[in-house]
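The values are calculated or read from the model by the stated rules, or taken from the named source; none is laboratory data. These numbers were taken from a predicted model, which means no experiment stands behind them. Positions of Cβ are backbone-derived with ideal geometry, glycine not excepted, and every protein chain shown enters the neighbour counts. Quick note on the areas: whole protein, heavy atoms, side chains included, nothing else; ligands and nucleic acids left out. Shrake-Rupley method; radii C 1.70, N 1.55, O 1.52, S 1.80 Å.
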Amino acid sequence: MNSRTASCSCGQLSLVASGEPVRISVCHCLACQRRTGSVFGEQARFPAQAVVVQGSSTQYVRTADSGNKITYHFCPACGSTVYYHLEKLPDLVAVPVGAFADPAFPAPKVSVYEERKHEWVAMPPNVEHGR
């Protein structure tokens, strides 16, 4: 079975995700732009039982535009977000794709909140455009 390791910048907080993600998506909402310091956030969702976390994290809970709560787990030393939980999907763990530091990671299949997408950003031609 394929496994991938994600970690924070300093290496104190990491996780191993086994198997393939159930969803890879890009979010253009303003909260994701602020959280990542980039023009969008990209995440891969894995079944919770397929993820093993090592290290300690600090949590931040915010209410998304959808009204659902998201709990972010980030390294207390370097501040990198390594994983998060979506209240409405408790059996999944979302991992920012950049935490894998893997240029060969599969492309996203879904793009959401595109009304806030920077006009110069182009998504892959086969991506699903959702909300």
Any residue in the stretch 1-24 that is part of a strand (DSSP E or B), closer than 16 Å to E114 by Cα and not hydrophobic (A, V, I, L, M, F, W, C)? no
Do we have any residue at all in the stretch 1-11 that's more than 26 Å from V127 (Cβ to Cβ), open to solvent by 60 Å² or more (accessible area, probe 1.4 Å) and modelled with pLDDT under 95? yes
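Working only within the stretch 33-72, note down all residues that are in a helix (DSSP H, G or I) and either under 18 Å from A101 (Cα atoms) or modelled with pLDDT of 95 or more (or both).
Correct list: R35, T36, A48, Q49, A50.
Kindly provide the set of residues from the stretch 112-131 that are crowded, with 16+ Cβ neighbours inside 10 Å and closer than 18 Å to G37 by Cα, ordered by number.
Within the stretch 112-131, V112, Y113, E114, R116, K117 qualify.
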Output for Cβ contacts, cut-off 6 Å, separation at least six or different chains, first residue of a type in the set (D, E) in the stretch 103-115, second in a loop (DSSP other than H, G, I, E, B), reads E114/H28
Cβ-Cβ distance below 8 Å, separation of 6 or more or different chains: which pairs start in the stretch 12-35 with a residue that is closer than 24 Å to T63 by Cα and end on one that is open to solvent by 20 Å² or more (accessible area, probe 1.4 Å) and of a type in the set (D, E)? I24/E42; S25/E42; V26/E42; C27/E42; H28/E114; H28/E115; C29/D65; A31/D65
(1) crowded, with 18+ Cβ neighbours inside 10 Å; (2) in contact with a Pro (Cβ under 6 Å, 6 or more places away or on another chain); (3) in a loop (DSSP other than H, G, I, E, B) all hold for P108 apart from (2)
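Hey, among D102, D91, which residue is in contact with a helix residue (DSSP H, G or I) (Cβ under 7 Å, 6 or more places away or on another chain) and surrounded by fewer than 13 Cβ atoms within 10 Å (Cβ to Cβ)? Steps first, answer last, please.
Working: D102 fails: in contact with a helix residue (DSSP H, G or I) (Cβ under 7 Å, 6 or more places away or on another chain).
Every option except D91 fails the conditions.
Condition test on T81, is it of a type in the set (V, I, T) and surrounded by 15 or more Cβ atoms within 10 Å (Cβ to Cβ)? Spell out how you get there, then give the answer.
Values: of a type in the set (V, I, T): yes; surrounded by 15 or more Cβ atoms within 10 Å (Cβ to Cβ): yes.
For T81, the condition - of a type in the set (V, I, T) and surrounded by 15 or more Cβ atoms within 10 Å (Cβ to Cβ) - is met.
Go through the stretch 111-131 and count every residue that is in a loop (DSSP other than H, G, I, E, B) and either of a type outside the set (S, T, Y) or touching a helix residue (DSSP H, G or I) at 6+ places or on another chain (Cβ under 7 Å) (or both). Give the derivation first.
Step one: of the stretch 111-131, the residues in a loop (DSSP other than H, G, I, E, B) are 113, 117-127, 130-131.
Filter again for either of a type outside the set (S, T, Y) or touching a helix residue (DSSP H, G or I) at 6+ places or on another chain (Cβ under 7 Å) (or both), leaving 117-127, 130-131.
Total satisfying the criteria: 13.
Kindly indicate which of Q54, Q59 is free of Cβ contacts under 8 Å to residues at least 40 places away in the same chain, in contact with a Ser or Thr (Cβ under 8 Å, 6 or more places away or on another chain) and of a type in the set (S, T, N, Q).
Going through Q54, Q59 in turn, just one is free of Cβ contacts under 8 Å to residues at least 40 places away in the same chain, in contact with a Ser or Thr (Cβ under 8 Å, 6 or more places away or on another chain) and of a type in the set (S, T, N, Q): Q59.
Considering the stretch 81-105 alone, what residues qualify as being within 21 Å of A50 (Cβ to Cβ) and assigned to a loop (DSSP other than H, G, I, E, B)?
If the condition is that a residue be within 21 Å of A50 (Cβ to Cβ) and assigned to a loop (DSSP other than H, G, I, E, B), then E87, K88, L89, P90, D91, A101, D102, A104, F105 are the ones that fit.
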